[in-house]
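Every number in this text was worked out from the coordinates using simple rules, so none of it is lab data. Computed from a predicted structure; not experimentally measured. Every residue, glycine as well, gets a Cβ built from its backbone with ideal geometry; the counts of neighbours run over all protein chains shown.
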Amino acid sequence: MKSCFCPPIYSTVILIIVFFLIVAAFKIIKSWLPAKAVQKIKFVNKTNLKDYVEPEQALKCWGGLDDYTFTFVPEIQSAVPNDRFDDSKKKVLTPQIIQTLQN
């Protein structure tokens, strides 16, 4: 019989209720999860978020003190072409090269 001896990856999953359909959808999802996993899921709102997250670490929009704003920085594409896919750079074995390798 196989057993899994993996340690738990997380201790608690905190889901912030921003839309009532999320709660309804998660009621269905919870029925698919094992009992131990369901115990680790906590639904919170602005009033009880402080029970799980320090106010200094919670975003202002969640009632905390952190004013972090995500800024997307696009990846800079290299102007140098990728030589791996350049067929003109491939080495071709000619009869002279093969003869040299055999000697």
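Worth pointing out:
- Full-stretch length increase - residue 13, residue 66 - with 0.36 nm per residue and alpha-carbon distance subtracted: 17.1 nm
- The mean sequence distance of close C-alpha pairs (under 8 Å, at least 6 residues apart), as a share of the length of region 10-68, puts its relative contact order at 31 percent.
- Footprinting exposure proxy ranking of 59, 65, fewest other C-beta atoms within 10 angstrom first, gives 65, 59.
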